[in-house]
Structure formats: C-alpha cells, structure tokens
1. Express in whole angstrom the spacing between the alpha-carbon centres of the range 368-400 and the range 492-508.
2. Just reorder Trp607, Trp259 by solvent-accessible area, largest first, 1.4 Å probe, all chains present.
3. Given a 1.4 Å probe, how much area per residue of the chain is accessible, in Å²?
4. Round to the nearest 10 and report in Å² the accessible area of Asp42, as given by a 1.4 Å probe over the protein chains' heavy atoms.
5. If I take R0 = 51 Å and measure r between the Cβ atoms of Phe59 and Glu196 in this structure, what FRET efficiency does the formula 1/(1 + (r/R0)^6) give, to the nearest 0.05?
6. Over the range 453-602, what percent of the accessible surface lies on carbon and sulfur atoms, probe 1.4 Å?
7. Report the residues of the range 642-677 in range of a label on Gln613: point 7 Å along Cα→C-beta, backbone N strictly under 12 Å from it.
8. I'd like the carbon and sulfur percentage of the solvent accessible area for the range 182-284, probe radius 1.4 Å, heavy atoms only, ligands and nucleic acids excluded.
Amino acid sequence: MSEPIQVPTADAAQLQRLQWLRAELHRHAHQYYVLDAPLLPDAEFDRLFVELQHLEARFPTLVTADSPTQRVGGKPLEQFESVRHRVPMLSIRTETDTEASGALHFDARVRRELGLSVDDPALEYVAEPKFDGLAMSLRYENGILQQAATRGDGEFGEDVTRNIRTIGQIPLRLPSGVPAVLEVRGEVYMRRDDFEALNASQREKIAGGARLEKTFVNPRNAAAGAVRQLDPAVAAKRPLSFFAYGLGDLTQRPEGKLWFTTHMQMLQQLRQWGLPVCKLVAIAQGADALVAYHARIGAQRDSLGFDIDGVVYKVNDLALQQRLGFVTREPRWAVAHKYPAQEQMTTVLEIDVQVGRTGKLTPVAKLAPVFVGGVTVTNATLHNEDEARRKDVRVGDAVVVRRAGDVIPEVVSVLLERRAEGAQPFSMPRICPVCGSVAVREEGEADYRCSGGLFCSAQRKQAILHFAQRRAVEVDGLGEKLVDQLVDAGLVRTLPDLYRLGLTSLTALERMADKSASNLLQALLDSRQTTLPRFLFGLGIRHVGEATAKALARHFGTLDAIMDGSEESLLQVADVGPIVAQSIRTFFDQAHNREVVEQLRGCGVTWTEGPPQASARAPLAGKTFVITGTLPTMGREDAKALIEAAGGKVAGSVSKKTHYLVAGAEAGSKLDKARELGVAVLDESGLKELLSGST
Ligand code: JCF
C-alpha cells in the first residue's frame, strides 16, 4: 500500500561540503563559545549552520551524533566549576523572518495550539527587547546571592559567581519576604557607551605599550569576555549591566498561594525586589500589537544605548504557558523575533582617500554592497592613518562590517585566514590624491591634511557645499553632483562665482535642462537674504560651528566688528577659547578671505545686523546640556535654540562634562547615565527657570 521511500544519496561534492561545514562550524563554535573570540559575524555563522541543516534534512542518513546541529550552545570551559541548573535554562525559538509576518506566525501558531478559533478574543502577550548579551542565572537563597551561572548547554553551566558579584546593578541581597530559593534569569550585557570607553582605554594601553590588551569587536563579546575572566579584579573593571527577564527555581508560597499569575506580574515583582527590569517591556493584545511593538522598538534600536538583536514575545498568562509547554528545550509560549543583523561580512574592493573641506585626508574602504543594520552599506571609514594601520585592512580582504546605533559603518575586523596571498598593506599617500599638493601630518595630530587650500578642487567643492547647506546660507538644490559639475567645468572657483552664474553657461552643462538651470538661479537669488550666524557658519572657518557662529553674531552684532575683533575681544564671547579665537583671527587676516566676503556682499548677499549684545544675557554660558525624551510643550529643537540663545551648548551624549540633562517622558539610557555620573537632571519647567536666570 505505501510507496517505497526514496532515500536520496549524496554525491561526492555534497558529502565533501557536509564534512567541511561540520568542521568549520565546530571550529567557529569553539572560537565563539569557549574562547569568546569569534572569527565570523553571527549572521555568517548562522548561514553556514542553516546550510548544514538543509543538507542533513535532505540526507538524513548522514546525520552524525557529533554534528554541530545536534547540540545547543557551548561546552563549559575547564577553568570554571560546572553547575547543574535545577531548572534547565531555556533557549528561545528564533523567528528569522524580520518582517511583520514573523509576529503574525507566532500568534497564529499559539492560537492553533491552544485550540482557539478566529472568533475567540485576542491573546495577551508581553513584549520585551531581546538583549544581545549572555544569559545568566542568579540563585538567591534566603535573599542572598549564592551563585551565578552561565547557560552553558542549558543543563550544566559555569559558576561565575565571583565575577558577577562585581556588577553593581545586581543586588547581592534582596529585601525580606522574598522566596527562600529564587533563581533569576536574565541577560548580562554591556552598554554601547561603556563598550566604546572600554575599547578606547584598551587601545591606549596598547599604544602606551604597557601590555598587550586586546580590543573587543562588539559589546556582546566584551561582556562575555568579562564574565569569564579568571581574575575578578579585571572583571570588576569591565562595565557590565544586567536585565532580568525570567525565573528558574522558585520556592512556592505557603498554603498553595501563588506569587504571581502572569509574566508581567512576575517582572513587576522582580523589579520591586530590586532587580533591574527593562522599562521597554510592554503588554501587547493580539498579533497587531506585536507587529506594532516590533516596529516601535525597531525604530528606537539605534538610539537605545545597548545592542538588541530582536524582540521577545511571551504569552502573558502563566497557566496558558503551562498548557503550551515545550518542544525539546524551547518553550512554545515564547519566540524571539529578529531585526536585521548589525554585522555582516563583505569584501574590500578598494581603499580610497577622500579630501574634506579643511583638507583632511580620510581613508575610506569601498565595500561590496552589503545589508547591515537595516541599510545597504558600500563605504566604511578607516578614520586616519593610525586606525587604518591598526586594523590592517587591505584591498581584497574579507571583513566584518558593523553598523550599530547612529554611528557610521565601521570595519571591525579582517578575516585574516581568508586573505589572498600578496595582498598589499595600505599606506597613506604623502600627496593629496586630488590636487597633488603635499599632505602634512602635524606633530600630535592624527590627520594628514592637503596643503593646497582652495587651490585643491576637492576642498573648493566641500567649501561650496558647506556654504550652500541648509543650516548655512541654504542654496536649495545645490548638491554634490551639481557642485562637482560646476567646479570641474571651471564655472565656479570661489563662493562669489556662484552668484555670477548665468543661464547660458549653466545650460551648456551636461544633463542641465533650462528648467533646472533657472531653478538653481532662483535658489541663488533667494539665498542672498540670510542671517549673520548662517553666513558666518557658511564661511567654513575652522572650529566655527553653528553654535559659535550664533554666539559671535550675538556678541558683536555686525560682521565688520567680528572681522576686526582682536583675539582678546573674541575671547570675551561665551564658548570661544584661544584655539577658536586664533582660527577666526587667522581667517580674517588673509586678504583673500576678506575679498570673498566683500564680493559676496557685492553680489547682494545681505542680512540684518543688530547692536552688540555683549554676553550679558548669557546665563547659561559655559554650560553643556543634553536633551532626551519628549518634553511636555517644547520640541527638542526649540529647547536647543533657547539654550543656545542663552549661551549654553547642546551635546548629543552624556559624559562627565555634561552640566545638565533635560529629561522628558520616556527618557531612556541617557537618564540612567546621568544619574550614574551624578549629572543634574532638569524637567522642562526646571529648564525654563534656568533660562529666566532665576536660579
Ligand atoms: O534578552 C534576551 N536575550 C532574552 C533571552 C530575553 C528573554 O525573555 C528570554 C531569553 C531566552 C529565553 N526568554 C527565554 C525564555
């Protein structure tokens, strides 16, 4: 009756591929789990793993007991004592479909397994970020932290108690009334700013030659390395954080009463007991709410302060969780819904050297296009000569590219074992690649600069783009392509040349229709009515950013006063120090710069000038602010403008140099950081009080 089952047999090439995949995966798993030093980005490891799974599914007879697919997680290191988890440490099923359908599938599956029909009401879920760190089980006995263990293989983990005790966020003692045995499960992770600071100091130690300190490729690895340090004193210097998300072993309440009946109640209880629980955890009713949560956290992903690789959905009702149960070691009531990976592998096609507005030469790796952290990346900066040398990136190399947070894409490491023979080390050119002038690197500077000044067409182009940008004089539609054309055709050499353009010369350019040409001319006419701060900023004086330009304009009132101001008088301006003052003086001491200003005025560029407002009305002079969260009535830009108008500065991230954090609703990691550093925190009304000068 039944048909004979066709068992396909693998050919030699498939067999070889299978064996190669197993060997590679074993090697990389050891690097990752045991040595905390992965050679491949996670996404690449996953690809190899899935390829092996597929091959094994096609040829089931070839599955071996020792195949990497037959085992979860890593084996414990010898150095740490092995701990048996009283309640196994779960892993979680991952949904790699990063689209909304990933959430819809989970809801549909849970409903099916519970026997619910379309007419039954929506299920209640808890949604939380999925932290990219390492899983930890904290065992409290009678309220005292007795043991901390890694996941290991889920059954046996490593005893890392001594290292975990150094994490400030983890309470060593819980308040009275907690269960006699309480095992808290959560994730140890490293915040992005802590990671950057740690790597910076590791690099310094390398540069200082003190001892070879390695830098870490990402926060997850840095955290894993710290947790498995053999020396707790070293672990203590690694800034780790912790979020609780679940429970293991637990003593029940007397008389059969329950501590809690939902996952959310459990988290709230943990928070009350003093354990850190992420504030982004939320209740979601039904599939659509899961989709919305995935999108909302995805939009915040870059600004969260820590890496996440997805979100986790859990059925909220603990009784329903119990009904759903487990498949092998994964609960049926939870899933991890991923986001696009933040690290990917690609190839370096070329290393270019770009010339900036101030002549700075920046080496840039041109990459085979790769989708990382939600965008397609084709360039990664190598910053400067020292960085390029440290990373030793060469043309043709396979590299790991990382894009996390708002930061520009970065090459984190080179896959040395894949380097082609004869790949040549990169060296910084000693002449400008655009104009051929000598490039010089001053004592104590990291950058080479082209010495060609405005003779260098790259610097000219950048200067024009800087002048024309929206935050400066704003010439609508004058972008990179057009500036390239104008400069290359010799139509524009200096800023005033812009205002001398005419219809005939413009339409002679390639791909320039009458319409675009007249649009540009109109935009140039419109740009002539500007403001003094915009004009000053647009001139591109080194060290004069928007805030300084505003402060100068307010203090002096007129351009002539600034151009003729002595260094001493410039130093009177809030925010202007000796380097900035000298830079302004040097700029206006050059006849050709004054000439440019005069010609621009001659072309009709104007602004209204006012009386000087010597920094009297600058109650916030010298103070640095950071704004975070949603303020009740002001937009962030409004708050920023008010602070700057009062002489203060607004920065993007909290550091020891921050004087005030202005925090609105849903302030996140910046608020934590400010509290940690003891930075004063203001709400909107506090800011208004400061601005009025009454405090
Ligand atoms: O953030 C995480 N990495 C994370 C891992 C969060 C969770 O709520 C988890 C988890 C692994 C297993 N929950 C389970 C059950």
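The values are calculated or read from the model by the stated rules, or taken from the named source; none is laboratory data. Because the structure is predicted, anything quoted here is derived from the model rather than measured. Reconstructed Cβ throughout: ideal geometry from the backbone, glycine too, with neighbour counts over all protein chains shown. These area figures cover heavy atoms from the full protein model, side chains too; ligands, DNA and RNA do not enter into them. Shrake-Rupley method; radii C 1.70, N 1.55, O 1.52, S 1.80 Å.
1. Taking the Cα centre of the range 492-508 as reference, the centre of the range 368-400 is 38 Å away.
2. Values: Trp607 30, Trp259 50 Å².
Largest to smallest exposure gives the sequence Trp259, Trp607.
3. Numbers: 34230 Å² over 695 residues.
That works out to 49 Å² for each residue.
4. 70 Å²
5. Working: r = 46 Å, r/R0 = 0.91.
With R0 = 51 Å, the Cβ-Cβ based efficiency is 0.65.
6. On the way: 3550 of 7180 Å².
Heavy-atom surface of the range 453-602 belonging to carbon and sulfur, 1.4 Å probe: 49 percent.
7. 642-648
8. Values: 2480 of 4590 Å².
Within the range 182-284, the accessible surface is 54 percent carbon and sulfur.
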